[in-house]
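Asks: Got a structure for you, written out below as C-alpha cells; questions coming shortly.
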Amino acid sequence: MKKYFLIPLFSILNFLHLSAEEGMLIPSLIQAFEDDMRAMGMKLSAEDIYAVNHSSLKDAILHFGGGCTAELVSSQGLLLTNHHCGFSQIQSHSSLENDYLKYGFWAKNKKEELKNPGLTASRVVRIQEVTKDVLFGTKGMDKEEAMKKMEENIGKLIKDAMKGNHYIADVQAFNYGNQYFLIVKEKFLDIRLVGAPPSSIGKFGGDTDNWVWPRHTGDFSVFRVYVGKDNKPAEISDNNVPYQPIHYLPVSLKDRKPGEFTMVYGFPGTTEQHLSSEHLRFIMDKERPARIKMRDKSLSVINAAMRSSDALRIKYASKQARIANGWKKWIGQIGGLKTVNAIQIKLDRERRYNQMANTKPEWKNKYAGIIKEMNDLVKKYQDAEFGYSMAIEYLFVGPEIFKQARGLNRFLKNYENYKEAGTLEKEIENYKKGLEGFFKDYDANVDKQIFVLLTEEYVKQISKENLPDILKEKSAQELADKIYKKSILVNKERYFKFLDRLKKNSYKKLKKKDLGFIVWDKTFYTFVDKVLPDARAFTSKMNELLKIYVAGKMEMFPNDKHWPDANSTLRITYGKLEGSAPHDGMVYLEHTTLKGIIAKNNTGNPDYELLPRMKELAEKKEYGQYAQDGELWVCFTGSNHTTGGNSGSPVIDAEGNLMGLNFDRTWESTMSDFMFDTSRCRNITVDIHYVLWVMDVYAGAKHLVDEMTIVR
C-alpha cells in the first residue's frame with residue numbers, strides 16, 4: 001500500500017548541475033551527462049548506454065519480480081540477481097530432503113532448471129516523454145474534468161504503444177503531475193532457477209552484517225529466461241527455449257582499482273528528497289521507531305522458532321529476511337539522519353527558500369507560504385499518518401492469519417459472480433492450491449505468539465477511537481487462545497472443509513462465528529473507515545503542495561543540484577569505486593577479501609557459519625583464475641546513489657562490462673532515501689570475481705561460467 005506515486009522529474013538543464021555521486025538519472029536523458037561521465041573515466045557513448053533503434057546496455061537490464069533488478073550475462077538468457085531477490089524461489093523449492101537454502105542448488109543442465117510460476121522479468125523497450133499528450137485538451141477544465149480527460153489521453157497512449165506488438169505499456173507521472181513519461185516494456189513469463197549458493201554464502205553475515213560494512217556476503221543467484229520458439233515471451237511450458245537477448249553484459253575479470261569509474265543501472269524503488277522539516281521529524285521521532293518496535297516483536301518470535309528446528313528454519317527463512325530487512329534499515333536510517341543533523345539541514349534549506357521567495361513579488365505570491373503549509377499539514381494529519389503506518393505493520397506485515405482473512409474476504413465477495421459464471425468449483429480448487437503453498441510454510445504456534453505481541457503493541461500505540469471494540473474489550477492473549485484453537489484460518493483441514501461446504505450464507509456465518517476473521521474484519525474496516533480517509537487526504541494535499549514547492553526550487557535555484565526521486569523506473573547512477581570515512585577516527589577500505597570471511601567465522605557468531613568446503617578452499621587458497629594480487633576480492637563499495645529496487649543491479653565498468661552485483665548500502669547510507677551525503681553514502685557490491693569463484697571452484701558449476709563472455 002505505497003502512497004507516494006507522483007515523483008519529481010526535472011529538466012535536462014538542471015540535471016547538468018548534478019554531482020557524479022548523487023542522483024538517479026533517466027536513461028533517455030543520459031546524453032546530457034556524457035561529457036561528465038567521460039571525464040570520470042567512462043569510455044562508452046550515451047548511445048551505448050541507452051538506445052531505441054539498436055541494442056544497448058539497457059537491453060541487458062531486467063526488472064526482476066517487480067521489486068529487484070537483474071542482468072543478462074549470456075547469449076542463452078542467463079540472468080544474475082541477488083540471492084535475497086531470488087530467496088523466495090529458492091525457499092519454495094527447498095524441503096528437508098532438498099535443503100537448497102542450506103546447501104545450495106546448481107542445475108547441471110537446462111533440464112534440471114526449476115520453473116517458478118508467477119515470477120516475471122521485464123525489459124524496457126523505450127522511455128518517451130508524453131507530457132503534452134497527457135495534458136492535451138485539459139486547459140480551462142476544472143480538476144475533475146481534467147483528470148477524466150487525462151485518463152482518456154493516457155489510455156490512448158498506452159493503446160497505441162501496444163498496437164501490433166507483444167509489449168506492455170504504462171504512463172508514469174513525475175514532478176507531482178507536471179511531467180509524464182510513457183514506458184514500454186517486454187515482460188518475460190518463464191524465469192527458471194539455475195543456481196544458488198548456500199545461505200552460508202548468499203546470506204553470510206545475516207542480520208549482524210545487514211546494511212553494514214565491511215561486508216562479505218556472496219549475495220547472488222542465477223536464473224534463466226525462457227521464451228517461445230519465436231524468442232518472444234510465453235507462459236511457462238516445457239516447449240519453451242532459452243531467450244536470445246538483444247544485448248548481454250560481458251563479465252570483467254580485470255583487476256579492480258580504487259577510484260575507477262562505476263555505473264549502476266537498475267530500478268530504484270522510492271526516495272523522498274523533498275519532505276519538509278516537520279515531516280522528516282515525524283518520521284524520525286515517531287513513525288520509524290514505532291514500526292521498528294513492531295518488527296522487534298515479530299523477529300523475537302521468528303528468530304527463536306528458526307533456531308529451534310530445521311523445519312521451522314526453512315518455513316520462515318524468507319519471511320524473516322523480508323521483515324528484518326526493513327527493520328535494520330530503519331535503525332540505520334534514523335542513526336544516519338541524526339548524525340548529520342538532518343532536521344537542522346532541512347530548516348536551513350527552508351529558511352533559504354523563504355528568503356529567496358521574498359526577493360520578487362511573483363515568487364512571494366507563489367512560494368513564500370508553501371513550506372509553512374507543508375509543515376502545518378503534517379501536524380494536522382500526523383495521527384492519521386501514524387495510524388496508517390501502524391496498520392501496515394499490524395494487518396499486512398504482522399500475523400499471517402490476517403493475510404488469510406484478507407484473501408478469503410476477497411474470495412467470498414466474488415462467490416455469486418463465480419456461481420453465475422459456472423466457475424465456482426474451479427475457483428475453489430485454484431484457491432485450495434494457493435492454500436497448499438501457504439500452509440507448507442506456516443506454523444500456527446509461531447503465528448499465535450506474533451499475534452499476541454503485535455496486538456498488544458497495536459492497542460498501546462493506536463488512539464482508542466481508531467480501535468475496534470473487540471480489541472478494547474478483550475486481551476490479546478484471550479483472543480489468541482480462542483482464535484488459534486478454533487479458527488479455520490489457522491488450520492488447513494478446517495479451512496478445506498469450510499470451502500467444501502461453501503454456501504451462499506457462509507460469508508455471514510464466518511463473520512459471526514470465526515473469531516480470527518472477526519478480529520481482522522473489525523480491525524481492518526475500522527482502519528478503512530476512520531484512518532484511511534485522512535491518510536489519503538494528507539497524501540493528496542501534500543502532493544499538491546509539493547508540486548508548488550518543487551517548482552519553486554527549480555525556478556528560484558536553477559544552479560542547485562536537482563535530481564528525480566526514484567519511482568521504480570529504470571535509472572542510472574555513476575560514481576567511483578571508493579571507501580569512506582563516515583565517523584570520526586573510522587576509515588573504511590573500499591574492498592573485502594575471503595580472509596575476512598574466515599576471520600568472522602572464527603568469532604563463533606551463528607550468522608558467520610560456514611560449510612566445511614569454504615574453509616578447506618580458503619585454507620588452501622584455491623582461488624583459481626579469480627584472484628587479484630594473491631587475494632580473492634569478495635565485496636567492494638562505490639559512491640553510487642542507490643536505494644531499494646537497486647538490489648541485483650549490475651555495477652558496470654568504464655567499458656560496459658559487469659564488475660559485480662549491487663546488493664546493499666552501508667548503514668550510514670540508508671539515510672539517502674531522504675537525504676544524500678556524498679561523503680558518507682556508499683553502495684555495496686559483491687565482486688563478480690567472487691561470484692564466478694563460487695560457481696566454478698566452490699560449486700563446480702563451471703558450465704555456467706563458460707556461457708559468459710569473459711573480459712580480462
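Values in this text are rule-based calculations from the coordinates and carry no lab data. Predicted model, so just to flag it, every value in this text is computed and none were measured. Don't worry about glycine lacking a Cβ; one is built from the backbone with ideal geometry, like all the others, and counts go over all protein chains shown.
Asks: Place the peptides 262-269, 130-137 in order of packing, highest mean first, counting for every residue the other Cβ atoms within 10 Å and averaging per peptide. Numbers along the way, then the final one.
Replies: Numbers: 262-269: 26.5, 130-137: 16.2.
Highest to lowest by the protection proxy: 262-269, 130-137.
Asks: A further question on this structure: Using the basic label-point model (7 angstrom from Cα toward the beta carbon), what is the ARG613 to LYS504 distance in nanometres?
Replies: Distance between the two pseudo-spin positions: 6.2 nm.
Asks: Which of the listed residues, HIS591, ILE201, GLN382, is farthest toward the dipole's positive end in the chain, when Lys, Arg count +1 and Asp, Glu count -1 at the beta-carbon?
Replies: GLN382
Asks: Pulled fully out, how much extra length does the chain show between ARG712 and ASN602, if you take 0.36 nm times their separation in residues and subtract their Cα-Cα distance?
Replies: Result: 36.2 nm gained on full extension.
Asks: Computed over the Cα atoms, what is the radius of gyration of the stretch 279-378 divided by 2.2 N^0.38 Å, N being its residue count?
Replies: Dividing the Cα Rg of the stretch 279-378 by 2.2 N^0.38 Å gives 1.67.
Asks: Turning to a different aspect of this structure: Starting at 0 and stepping by 5 Å, how many percent of the alpha carbon pairs of the stretch 39-159 end up in each bin?
Replies: P(r) for the stretch 39-159, in whole percents per bin: 2, 8, 12, 13, 12, 11, 10, 11, 9, 6, 3, 2, 1, 0.
Asks: How big is the C-alpha Rg of the stretch 267-311 next to the rule-of-thumb value 2.2 N^0.38 Å, as a ratio?
Replies: Cα-based Rg divided by the globular estimate yields 1.75.
Asks: For the stretch 490-549, report the translational diffusion coefficient in µm²/s to the nearest whole number, using Stokes-Einstein at 4 °C, 1.567 mPa s, and a Kirkwood Rh over Cα pairs.
Replies: For the chosen part, D equals 89 µm²/s.
Asks: I've got another one for you. Is any helix in the chain, taking whole DSSP H runs, at least 27 angstrom long along its axis by alpha carbon and on average at least -1.0 on the Kyte-Doolittle scale, and which ones?
Replies: Passing helices, by number: 143-162, 288-308, 310-339, 370-391, 532-556.
Asks: Next up: Once you have the Kirkwood Rh of the stretch 155-303 from its Cα pairs, apply Stokes-Einstein at 4 °C and 1.567 mPa s and quote D in µm²/s.
Replies: My calculation gives 61 µm²/s for D.
Asks: To two decimal places, what compactness ratio does the stretch 550-594 give when its Cα radius of gyration is scaled by 2.2 N^0.38 Å?
Replies: That ratio works out to 1.83.
Asks: What is the sum of charges around VAL686, taking Lys and Arg as +1, Asp and Glu as -1, for the other residues whose C-beta is under 11 Å from the C-beta of VAL686?
Replies: -2
Asks: Taking 45 Å as R0, compute the FRET efficiency from the Cβ-Cβ separation of ILE548 and LYS254 and round it to 0.05. Let's see the in-between values first.
Replies: Numbers: r = 49 Å, r/R0 = 1.09.
It comes out at approximately 0.35.
Asks: Let me have the relative contact order for the stretch 310-444, percent, based on Cα pairs under 8 Å that are six or more residues apart.
Replies: Relative contact order here is 32 percent.
Asks: Here's a follow-up. Assuming 0.36 nm per residue, please report the length gained on full extension of the stretch MET162 to SER237 beyond their Cα-Cα distance.
Replies: So the chain would gain 24.6 nm between MET162 and SER237.
Asks: Out of PHE87, LEU275, PHE438, whose Cα points farthest toward the positive end of the dipole of the chain (charges: +1 Lys, Arg; -1 Asp, Glu; placed on Cβ)?
Replies: PHE438
Asks: Could you work out how far the C-alpha centroid of the stretch 248-297 sits from that of the stretch 549-572, in angstrom?
Replies: 17 Å
Asks: Could you calculate the contour length gain from ILE470 to GLU622, that is, 0.36 nm times the residue separation minus the distance between their Cα atoms, to one decimal place in nm?
Replies: Fully extending the segment from ILE470 to GLU622 adds 48.4 nm.
Asks: Could you list the square roots of 5 times each eigenvalue of the Cα gyration tensor of the chain, that is, the equivalent ellipsoid semi-axes, sorted largest first and rounded to whole Å?
Replies: One finds semi-axes of 37, 35, 28 Å for the chain.
Asks: Let me check I've understood the local charge: for LEU658, count other residues with C-beta under 12 angstrom from its C-beta, Lys and Arg +1, Asp and Glu -1. What total comes out?
Replies: -3
Asks: Taking the Cα centre of the chain as origin, sum charge times position over the Cβ atoms of Lys and Arg (+1) and Asp and Glu (-1), and report the length of that vector in debye to the nearest 20.
Replies: In debye, rounded to 20, the chain gives about 2300.
Asks: Looking at the calculated P(r) for the stretch 158-211, what percent of the C-alpha pair distances fall above 18 Å?
Replies: In whole percent, the share of Cα-Cα pairs in the stretch 158-211 beyond 18 Å is 63.
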